1. Which of the following residues is out of contact with any strand residue (DSSP E or B) (no Cβ under 7 Å at 6 or more places or on another chain), at pLDDT 95 or above and not in a strand (DSSP E or B): 73, 63, 97?
2. Only one residue in 50, 59 is surrounded by fewer than 22 Cβ atoms within 10 Å (Cβ to Cβ), within 15 Å of residue 8 (Cα to Cα) and touching a residue at least 12 places away in the same chain (Cβ under 8 Å). Which one?
3. Scan (1) crowded, with 22+ Cβ neighbours inside 10 Å; (2) touching a helix residue (DSSP H, G or I) at 6+ places or on another chain (Cβ under 9 Å) for the single condition residue 23 breaks and write down its number.
4. Would you point out the residue of segment 115-133, among those that are within 16 Å of residue 55 (Cβ to Cβ) and assigned to a loop (DSSP other than H, G, I, E, B), that is nearest to the chain's Cα centre (by Cα)?
5. So which residues in segment 12-60 are in a helix (DSSP H, G or I) and within 16 Å of residue 103 (Cβ to Cβ)?
């Protein structure tokens, strides 16, 4: 197994591959069940501070085509194509309003495909993004197919 300075998550996909978050090295690594290295991808490599790859969750389609990657330092959630580890799009920004994050720490997907995020530092809350299907997202110079959600306005705040 390749070394990880700061492993912050380890999640198994339906096909038995192990996905390991390496926060400090800005990378997501993939391994077979026997520990054989498969591939890795670096995200936001110029990030300073606490690193970029904090947690992952898989989409609920049978093939788990997408990975949702929590990038806490850059206050966003990235949508990754699992087959290639290519970042398709991202959402979020720093702040306290719905859809914004302060240290997005964890991501999870329920059986209906809804996405949940939790925040650390001074965020201290849970947000729910309601799955509404697959659509097309246009960027300035490229187009990618990704999952789309309608943000549920109500946020649940965690008391500390």
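1. 63
2. Details: 59 fails: within 15 Å of residue 8 (Cα to Cα).
Matching residue, one of 50, 59: 50.
3. In the conditions (1) crowded, with 22+ Cβ neighbours inside 10 Å; (2) touching a helix residue (DSSP H, G or I) at 6+ places or on another chain (Cβ under 9 Å), residue 23 misses (2) alone.
4. This residue is 120.
5. Going residue by residue through segment 12-60, those that are in a helix (DSSP H, G or I) are 23-25.
Listed by number, the residues that qualify are 23, 24.
The values are calculated or read from the model by the stated rules, or taken from the named source; none is laboratory data. None of the values given here were measured: they were computed from a predicted structure. Glycine gets a Cβ as well: all are built from the backbone with ideal geometry, and neighbour counts include every protein chain shown.
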